[in-house]
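Just below is one structure, and these are the notes that go with it.
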Amino acid sequence: MSVPRKAVALISGGLDSLLAAKVIQEQGIHVEGINFYTGFCVEGHTHAIRKKDTARPKRNNALWVAEQLGIKLHIIDIIEEYKDVVINPKHGYGANLNPCLDCKVFMVQKARQWIEAKGFDFIITGEVIGQRPMSQRKDTLPVISRESGADELLLRPLCAKNLEPTRPEREGWVDRERLHGFEGRTRKPQMALAAAFGFEDYAQPAGGCCFLTDKQYSHKLADLWKARGERRYELDDIMLLKVGRHIRPRPNFKMIIGREEGENRFLQGYRKQYTHMLATSHPGPLVLIDGDAGPDDLDLAAQITARFSQGRNADSVAIEVHTPDGASHSLQVQPMPGAAIPRDWYL
Amino acid sequence: MSGNELDARRMLCPMPVIRTQEKVEQLQAGDTLTVFCSDPGAIHDIPAWCRVNGHEVLDIRRQGEEITIRLRVGEE
């Protein structure tokens, strides 16, 4: 009697990883899922910080996929270790600050360590040749296998027939004939396979599952590094880049302005860490000041804060400024006209 | 019954789930864990994580912004 084999599937929450895991499950292999949290993940709940988005279904897609498959899911915090991938990518960045190839190598490497620790036999990913311009090309898939150390234990069930047989195929743990040969950017084969398995309502994130592929987000991260004079970040930094309107009036400070109630509530959680201000004479947003702002800077920030309050057309708006040491003072300012805020102040 | 607690307030999902997972790994089958959170997403995610990993949600309470989820650790 053959030994029951066990595989771990990298589950992003998207369709490809769902299908890849299902294809292997169908061959009688015990599959469990692993999902990595980098801090840059595009999360339904991060969007849900904004009140207007609360009508969207709040679900973690990786957990949803695990439920569809009936498998265990292990969510792993890699925030700290991942910093080196973002800051020093050996293979460089994609169109924005997305280090896709290094990211995939890193995640498969972590999965390899996981299977060694847990006694699993091989790793599955939902990669498809030609699906993504940087990490999923015919010439980069072997790089991932090699540099992660997974080598022949990394199986891509959706495009396996276009690749050399891996150890699970050669040893007969899985039947290569029942794997697939998908290739290219078309999603039609995946959608047909999803229909065949009876999957509906799966996530189809247009920009992938990572904020680093987003042009505006990457611009804000690059600005953060430039302003600090070094390429480093903490989790709070990258969370705040997802929220609010970011305006940098001067090199030494920027403003993070809540755009609606949900964001204001989220920003309130940072009041003790940052100098912050808000209008007291009129309703208006909570504004965090990131950087080293002097009295003249705070006066300018107050004028901009007044511009985004409901007192924008008033002659004068009262702004209260709070510093992290608990002190506060009031400023009476004339709101800055919208047209007076240069476009390049907006990040 | 044990009185294990986890404070996951101010964490955004999936961090409350990750911290719950880490805490559960230190507990024995049958132990209970009370998780305090503030991200409304945790109301969906922690029970979903429990379902796929074989743990039982005993109750979920919401008072203002604070959410309290009590669960019982399942067998491996």
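The values are calculated or read from the model by the stated rules, or taken from the named source; none is laboratory data. Computed from a predicted structure; not experimentally measured. Every residue, glycine as well, gets a Cβ built from its backbone with ideal geometry; the counts of neighbours run over all protein chains shown.
At a glance:
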item	result
Scope segment A:60-114; condition away from chain B (no Cβ under 14 Å), of a type in the set (Phe, Trp, Tyr) and part of a helix (DSSP H, G or I); matching residues	A:PHE106
Unmet requirement for B:HIS44, which otherwise passes all of (1) surrounded by 15 or more Cβ atoms within 10 Å (Cβ to Cβ); (2) under 13 Å from the mean Cα position of the chain (by Cα); (3) in a loop (DSSP other than H, G, I, E, B); (4) within 14 Å of chain A (Cβ to nearest Cβ)	(3)
Residue check, B:GLU5 facing chain A (nearest Cβ under 10 Å), without any contact (Cβ under 8 Å) to a residue 40 or more places away in the chain and surrounded by fewer than 22 Cβ atoms within 10 Å (Cβ to Cβ)	no
Filtered residues of segment A:132-155 (kept if in a helix (DSSP H, G or I) and within 23 Å of A:CYS210 (Cα to Cα))	A:LEU141, A:PRO142, A:VAL143, A:ILE144, A:SER145, A:GLU147, A:SER148
Pick from segment B:22-36, criterion surrounded by 19 or more Cβ atoms within 10 Å (Cβ to Cβ) and in contact with a strand residue (DSSP E or B) (Cβ under 6 Å, 6 or more places away or on another chain), ranking: nearest to the other protein chains (Cβ to nearest Cβ)	B:VAL35
In segment A:129-152, the residues that are buried (at least 16 other Cβ atoms within 10 Å of the Cβ) and touching a helix residue (DSSP H, G or I) at 6+ places or on another chain (Cβ under 6 Å)	A:ILE129, A:MET134, A:SER135, A:THR140, A:ILE144, A:SER145, A:GLU147, A:SER148, A:ALA150
Hey, A:LEU158 within 27 Å of A:ARG59 (Cβ to Cβ) and in a loop (DSSP other than H, G, I, E, B) or not	yes
Sole exception among (1) part of a loop (DSSP other than H, G, I, E, B); (2) in the same structural domain as A:LEU10 (by TED's automatic domain parsing); (3) surrounded by 13 or more Cβ atoms within 10 Å (Cβ to Cβ); (4) at pLDDT below 95 for A:GLN190, by number	(1)
Helices (runs of 4 or more DSSP H) contained entirely in segment A:234-318, each with at least 1 residues that are under 27 Å from A:ILE87 (Cβ atoms) and of a type outside the set (Ser, Thr, Tyr)	A:235-240, A:261-268
Of all residues in segment A:267-287 being touching a His at 6+ places or on another chain (Cβ under 8 Å) and within 15 Å of A:ALA327 (Cα to Cα), the one that is surrounded by the most Cβ atoms within 10 Å (Cβ to Cβ)	A:MET277
